[in-house]
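Let me begin by presenting the structure, written as structure tokens, before commenting on it.
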Amino acid sequence: MSEGPVATVKAGAVRIPIYFIQSRETYMAKWTEGGRDRRKKGRDLAKLKIDVRKTAKAIDAGTIDFATLSPAQKAACEEVIRRGLTVDQLNGLRSLKPTSTQSAVAEYLASKADASGSHIKTLKTHLNQFCLQFGKRPLSSIQTGEIDKWLMVSAAKLRTRKNKRGSIVALWRWARDKDYLAQDTRTAAERSDAPSSRQQKRDRNIETWSPDELQKILATCPKEYLPWVVLSSFAGLRTLELFRDEKDPKRQKDVLQWEHVHLDGKEPRILVPAAVAKTADQRSIPICPTLRQWLKRIAKKSGPVVDEPCPWRKLKRWNGKSANDFIAEAAGVDFKKNAFRHAFGTYRVIQAGAVGPVALEMGNSESMVKMNYLDAGRTKAEAKAWFALTPSKIKK
């Protein structure tokens, strides 16, 4: 290279020197742009000066050479144009903090440390699956169409797709609040396609027990698990409001105690404390006459209502079978998951003739009770027979 420039291209305040490289018999222009060193070579000095002059004018005018932009930078520019944002609007935006999707997921999950164990497990599953494809990408670079395609491939069932989309939307909203995404627009996740709620309702299958099946179960149920069966069947208690969550021992919450069951007085009730309820909302459940008769026989003064392992855990005393397996086999039926609570909701809506009171008793929203239990294929005669299964009608 020659000791000094053989020519200097000028445009306003911009100066770009051109040197001659003797070993290669070529010319090279050198300059700095956007904090990076740039170079351009050519054997024809006159032609090189013309090309370099265009660059110098662009730098002086504050414009950008789009040929030098990365794909992500080009996408950002195109998005600004698509939205019609002005310079004043861009100046008013808060600067975004760059982060990869994998880093954002890790930080988001850490922020949810106080959430319930089941919720954390669901988020980890969904978001870690998402990271397998997008983990190394900047979070802000992922587009709505890419999220749509991933959801379609990763979740064939509408309910699963809805749940996965919910986890991704929650992540994107959190990232927006943390300045990883723009503040004034709906996120790419929020703009993704939500599964059809109507089709979800059509595909939803709520399993319930018939009165005859419950009669067999009550006749064969071990006494240790009888409080679970009757409280779920006649009061709609959730399984994990009665049993400790053995799948996540580090996040144990309280369970229902006999002190919460009030059998005396004109209005016997079960008071489910916030520390016990899944939704952390206290609720009061009236004790129907049938349930009162059962509880009068088995109630204790204090302590956990069910002091046994979760009914799905296999136990040695039943040759490695769980309480679910034992009950179903003894009753001659296939066990149905959550069918005690689902049956209560179904028959109770028929009995009450409205979803509002049932929603309060079950700790659900009215829309959820309406979707799951209203007109769920059972009859008034079955509801009457269900709530008539008193201890005197059960032959052990």
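The values are calculated or read from the model by the stated rules, or taken from the named source; none is laboratory data. Nothing here was measured: the structure is a model prediction, and the numbers come from that model. Because the Cβ atoms are built from the backbone with ideal geometry, glycine has one as well, and the counts that use them run over all protein chains shown.
Considering each residue of the range 118-152, count those that are surrounded by fewer than 16 Cβ atoms within 10 Å (Cβ to Cβ), of a type in the set (Ser, Thr, Tyr) and farther than 21 Å from residue 78 by Cα, and give that number. Summing the residues that are surrounded by fewer than 16 Cβ atoms within 10 Å (Cβ to Cβ), of a type in the set (Ser, Thr, Tyr) and farther than 21 Å from residue 78 by Cα in the range 118-152 gives 2. Look at the range 357-382: where a residue is in contact (Cβ under 8 Å) with a residue 40 or more places away in the chain and of a type in the set (D, E, K, R) and a partner is buried (at least 17 other Cβ atoms within 10 Å of the Cβ) and in a helix (DSSP H, G or I), sitting 6+ places away or on another chain with Cβ atoms under 6 Å, you get 378/346; 382/211.
Can you spot a residue in the range 239-259 that is part of a helix (DSSP H, G or I), polar (S, T, N, Q) and within 24 Å of residue 393 (Cα to Cα)? No, there is no match, as no residue in the range 239-259 is part of a helix (DSSP H, G or I), polar (S, T, N, Q) and within 24 Å of residue 393 (Cα to Cα). Selection of the range 270-280 for residues being touching a Leu at 6+ places or on another chain (Cβ under 9 Å) and outside any loop (DSSP other than H, G, I, E, B) yields 270, 272. Any residue that is farther than 13 Å from residue 230 by Cβ, without any contact (Cβ under 8 Å) to a residue 40 or more places away in the chain and among the acidic types (Asp, Glu) - is there at least one of those in the range 273-289? No, the range 273-289 contains no residue that is farther than 13 Å from residue 230 by Cβ, without any contact (Cβ under 8 Å) to a residue 40 or more places away in the chain and among the acidic types (Asp, Glu). Of all residues in the range 290-308, at least one satisfies being surrounded by 14 or more Cβ atoms within 10 Å (Cβ to Cβ) and part of a strand (DSSP E or B). When 167, 103 are checked against the criterion of being out of contact with any His (no Cβ under 7 Å at 6 or more places or on another chain) and either in a helix (DSSP H, G or I) or assigned by TED's automatic domain parsing to the domain that holds residue 188 (or both), 103 stands alone in meeting it. Yes or no: residue 279 within 34 Å of the chain's Cα centre (by Cα) and over 29 Å from residue 317 (Cβ atoms)? Spelling it out, residue 279 is indeed within 34 Å of the chain's Cα centre (by Cα) and over 29 Å from residue 317 (Cβ atoms). Of the numbered criteria (1) part of a helix (DSSP H, G or I); (2) surrounded by fewer than 14 Cβ atoms within 10 Å (Cβ to Cβ); (3) at pLDDT below 95; (4) over 33 Å from the mean Cα position of the chain (by Cα), the one residue 384 fails is (3).
Can we say residue 159 is modelled with pLDDT of 90 or more, under 17 Å from the mean Cα position of the chain (by Cα) and part of a helix (DSSP H, G or I)? Let's see the steps before the verdict.
Details: modelled with pLDDT of 90 or more: no; under 17 Å from the mean Cα position of the chain (by Cα): yes; part of a helix (DSSP H, G or I): yes.
Against the criterion (modelled with pLDDT of 90 or more, under 17 Å from the mean Cα position of the chain (by Cα) and part of a helix (DSSP H, G or I)), residue 159 does not qualify.
In the range 277-289, the qualifying residues are those that are at pLDDT 90 or above and either surrounded by fewer than 17 Cβ atoms within 10 Å (Cβ to Cβ) or among the hydroxyl-bearing types (Ser, Thr, Tyr) (or both), and the one that is nearest to residue 244 (Cα to Cα) is 282. From the list 317, 313, the lone residue that is in contact (Cβ under 8 Å) with a residue 60 or more places away in the chain and within 27 Å of residue 220 (Cα to Cα) is 313. Set side by side, the residues 155, 115 differ, and just one is surrounded by 18 or more Cβ atoms within 10 Å (Cβ to Cβ) and farther than 28 Å from residue 70 by Cβ, which is 155. Any idea which of 129, 183 is part of a loop (DSSP other than H, G, I, E, B) and either assigned by TED's automatic domain parsing to the domain that holds residue 278 or among the polar types (S, T, N, Q) (or both)? Exactly one of 129, 183 is part of a loop (DSSP other than H, G, I, E, B) and either assigned by TED's automatic domain parsing to the domain that holds residue 278 or among the polar types (S, T, N, Q) (or both), namely 183.
Answer yes or no: is there a residue in the range 332-345 that is without any contact (Cβ under 8 Å) to a residue 12 or more places away in the chain and either surrounded by fewer than 17 Cβ atoms within 10 Å (Cβ to Cβ) or not in a strand (DSSP E or B) (or both).
Initial filter on the range 332-345 (without any contact (Cβ under 8 Å) to a residue 12 or more places away in the chain): 334-335.
Going one step further and asking which of them are either surrounded by fewer than 17 Cβ atoms within 10 Å (Cβ to Cβ) or not in a strand (DSSP E or B) (or both), we end up with 334-335.
So far as the range 332-345 goes, yes, one or more of its residues are without any contact (Cβ under 8 Å) to a residue 12 or more places away in the chain and either surrounded by fewer than 17 Cβ atoms within 10 Å (Cβ to Cβ) or not in a strand (DSSP E or B) (or both).
Per-residue answers, yes or no, for (1) modelled with pLDDT under 95; (2) touching a Cys at 6+ places or on another chain (Cβ under 7 Å); (3) assigned by TED's automatic domain parsing to the domain that holds residue 121:
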| site | (1), (2), (3) |
| --- | --- |
| 219 | yes, no, no |
| 223 | yes, no, no |
| 228 | no, no, no |
| 234 | no, yes, no |
| 237 | no, no, no |
| 241 | yes, no, no |
| 244 | yes, no, no |
| 250 | yes, no, no |
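Scanning the range 309-323 for residues that are surrounded by 17 or more Cβ atoms within 10 Å (Cβ to Cβ) and in a loop (DSSP other than H, G, I, E, B) yields 310, 311. Of the residues making up the range 8-27, those that are surrounded by fewer than 17 Cβ atoms within 10 Å (Cβ to Cβ) and under 15 Å from residue 56 (Cα atoms) number 6.
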